[in-house]
1. Work out from phi, with θ = phi - 60° and the Karplus expression 6.51 cos²θ - 1.76 cosθ + 1.60, the ³J(HN,Hα) of each residue of region B:417-426, listed in order in whole Hz, and give x for Gly and Pro.
2. For the Cα atoms of chain B, what angle does the longest principal axis make with the long axis of helix B:128-138, in degrees from 0 to 90, nearest 10?
3. Determine the shape class of the protein assembly as shown: with a ≥ b ≥ c the square roots of the Cα gyration tensor eigenvalues, call it rounded for a/c under 1.5, and otherwise prolate if a/b is greater than b/c, oblate otherwise.
4. Can you say what percent of the DSSP beta bridges in region B:1-114, counting only those with both residues inside, are antiparallel? Round to 5.
5. Would you mind computing, in nm to one decimal, how far apart the modelled labels at B:Thr36 and B:Asp63 are, each placed 7 Å from Cα along Cα→Cβ?
6. Bin by bin, in steps of 10 Å, what percent of the Cα pairs in region B:419-472 do you find, going until the bin that has the longest distance?
7. What percent of all Cα-Cα pairs in chain B falls into each 20 Å bin, going from 0 up to the bin containing the maximum distance?
8. Once the other residues with Cβ under 13 Å from the Cβ of B:Met1 are scored (Lys, Arg +1; Asp, Glu -1), what is the net sum?
Amino acid sequence: MTNTQQAIEPQTITLCGLSDLIPNSGICAEVDGQQIALFYLPSETPQVYAIGNWDPIGKAHVLSRGMVGDIGGKLVVASPLYKQHFDLLTGECLENDQVSVSAFSVSLVDDQVLLSL
Amino acid sequence: MLKVVVVGNGMVGHHYVEQLVASEIEAHITVIGGETRPAYDRVHLSEVFSGRTPEDLAMTTRDHYRELGVEAHFGDFVASIDRDNKIVTTESGKEYAYDKLVLATGSYPFVPPVKGNDLEPCLVYRTIDDLGMIQAQAKDRKIGVVVGGGLLGLECANAVKNLGLETHVVEFAPGLMGVQLDNGGSAMLRRKIEALGVQVHTSKATQVIEENSDGDTRLVMQFADGGSLATDMIVFSAGIRPYDQLARDCGLTVGERGGIEVDYHCKTSDSDIFAIGECALFGGRIFGLVAPGYRMAEAAVSQLGNDSVAFQGADMSTKLKLLGVDVGSIGDAHGKEEGSVAYTFSDERIDVYKRLIVSADGKKLLGAVLVGDCSDYDTLLQYFLNGIDLPADPQTLILPYNAGEAPALGAAALPATATICSCHNVSKGDIVSAMDAGFCSLAEVKAETAASTGCGGCTALLKNIVDDEMAARGLEVNTAMCEHFNFTRQEMFHVIKVESIKSFEELIEKHGTGRGCDICKPTAGSILASLWNDYVLEDKHVGLQDTNDTFLANMQKNGTYSVVPRIPGGEITPDKLIVLGQVAKKYQLYTKITGAQRVDLFGARVQHLPAIWEELIEAGFETGHAYGKALRTVKSCVGSTWCRYGVQDSVAMALYVENRYKGLRSPHKFKSAVSGCTRECAEAQSKDFGIIATENGWNLFVCGNGGMKPRHADLFATDLDDETLIKYIDRFLMFYVRTADRLQRTSVWMDNLEGGLEYLQKVVIEDSLGIGAELEDQMNNIVDTYQCEWKTTIEDPEKLKRFRQFVNSEAEDREIIFVEERGQPRPATEEERQQILAKSA
């Protein structure tokens, strides 16, 4: 157990630039083999959201290609396969509380999209 | 001509003018208004501090009066009335002769007789000018006090709070809104208002207002109980008093406590003088709400014509939002009637209070109080106004709903005389008549009767009645598309067209709530495309498209796409067939011939789509719109060119039709076919529109369907020449695009169309609605602005950015796995996929 003493530094990774984002829609980034769906909603606060790209119901990496909107006040993306909605802030599935995807912390700094690990 | 002079141009005075102009009575109308501006909406006065401008509140303009032929003078008060000579004289000395005089002078704010009430920062709240003074006094100040905890006082407190001042309400009585609420309701209202940061002081009698010597604030109020309150400004809003001085001076009968006495016809003690609105006293009461004022105006106008309408007093039930808190009061809120029984429900977790007052025998509703939740108001009001028998357990009317036992008052239970919209005096009978006359949708009923276009309080009830009536007529009940729009697709289409709306943002801002969803966005996107035919991937439309429309391909179960190039009429050259094979081989695509005489290429990764299309376009292909709610294919047989039985060139017609309607966005996909003879090899009678050749031309069939619920198409017209055939199809398709519901195929649309085939034939063939030319123009516009979306896309590097698998790497999705079967790739099953991934890891 030699690693336990090692300090864990908060780390951020630059995923892409603001111009790579598509307003009111999603794109996909890859970090260490993991797929992350990034959504850019210019009129919301915050403006960028990140959740896992894997659709646990449709079983494919497609959430970044879903349509964004709000349901009952929650910002969501609808899976393009079977239309379940996932909360952009928490990753929870609105239709099935047994299912969720990861939610990531992202921010927009100096026109760069940063992911906090 | 009859000379009518109207003194006062508030909401009621203006309503009188409007009603008189709209009537058949010939009159020269002179309006004399004391304020410098024409009538405005005083009810929503406090909104001037939350973004609305005085212009927004205006109910008319000088120009509008001029157009109506009304002579109007503003900023001049009437000083005296000479009843003998029938002349009024204004303060500026102008004289106006009248045959009939209407006093709509309104009321003025009551200022308690307290020493110091005339200091500079002591104001009243009644007019737009008052607001200007309040704003000026509030500048750079911190604290504002409103004297008066009634309806007007709380409205005023909202205004003061909107100015950013620390807000206090000082009330003489022990509770807020003592007239409309019982103690429990009043206490709940106080709780909610205090939670909003407004400080409430009840049972406070102000004795004196003094200038503050310590300089921190400008004023100090001293109360009878010894307490005091420091403030920068005081606004009196403690009730109103009728403006009846003119009437007193000329000897008209006035009430003991003020108010010009009037009869059922709103006539004063002088039969040539009427009084309406808050200056009038009827049955010993002043009616300080706008709706009764309007009824008085209508009664007074009717006296100048042939049909006499009586003012019968008015119900003072009210529902409003005070400082954002829903408050409703109906009838006898205090349970004053002997033997009455009260039911009370209170939930302090969510700060909701509801109380019912019921007659001794438990059968009739006498009154109600609602604080924090007014959703039951409409229903309760109907029980009250119409004397409807209560259910056996009246408490269920205010208890939170339990599944399956919602005690909604069926719209069917209401009598035809029940007033639904009190702003515009629309009864249930009026709504039913409008529907009898063919105005069946909610939007149409609103437009026709004006119901629910005032305060909007009856929206839910109106919808219930319309739904109920529609169900009774066997029509499908229109329901809202989603939580963001209370529209059907047809209504949305209408709104977008009429208001020339060009983007979803504009649409939702004007007519919706929230941000939209995967139901309303694509619907709006489709309508915008049907109407204006912009490139679907223009920046403002991108977020509206389903993934299939966004990537111009059809997503399959593993996240890859299928590609379907257009092969019009199913006719393809060998060279093009070869290109399809080459592209499929190069990108390892699975190929299959579709039922629509096309070739479908499956398994394309998102990042390969542009390259695939570049090669296809190079070879002369266009997008097939298999991804869109649009025309798919026009299937054809070989026709007279090859076939021994063919009588017309079905392939040429199919090519023409497919090229004409390709790209047209519609409520759902639609298909067509052309057969060269009655043997019908192209199966045209199972298509949305089918064309079958005859010796003399073409027979047109409409609204057929294969698939899940087959429907044999209806024969629509026979032996048409080419030009007429296309004209009818243009009209038919555009009428479908306009009127169908979301995701409604033509077959279902036809089954729901009132009047059915015969009606459709009238609209299209006989142009019974007179919209034939418009429909054709709209179609021509779509045809003229057609573009191959794939061609536009691959020419734009910005658009191509979206077809990257990853924004931050060139890698491909390694978890998409194919296996081979019958010589072609297919997606691995989940089990196979896991095995293969485990092996490679």
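1. Result, ordered by residue: 7, 4, 6, 9, 10, 7, 4, 10, 6, 9 Hz.
2. 80 degrees
3. It is prolate, given that a/c is not under 1.5 and a/b is the larger ratio.
4. So the antiparallel bridges amount to about 35 percent of the total.
5. In this crude label model, B:Thr36 to B:Asp63 measures out at 2.0 nm.
6. 29, 62, 8
7. All Cα pairs, binned at 20 Å, distribute as 12, 33, 29, 20, 6, 0 percent.
8. Value of the local net charge: -1.
Since every read-out is calculated from the coordinates, none of them should be taken as a lab result. Bear in mind that the values here come from a model prediction, so they are computed numbers and not experimental data. Virtual Cβ from ideal backbone geometry, glycine too; neighbours counted across all protein chains shown.
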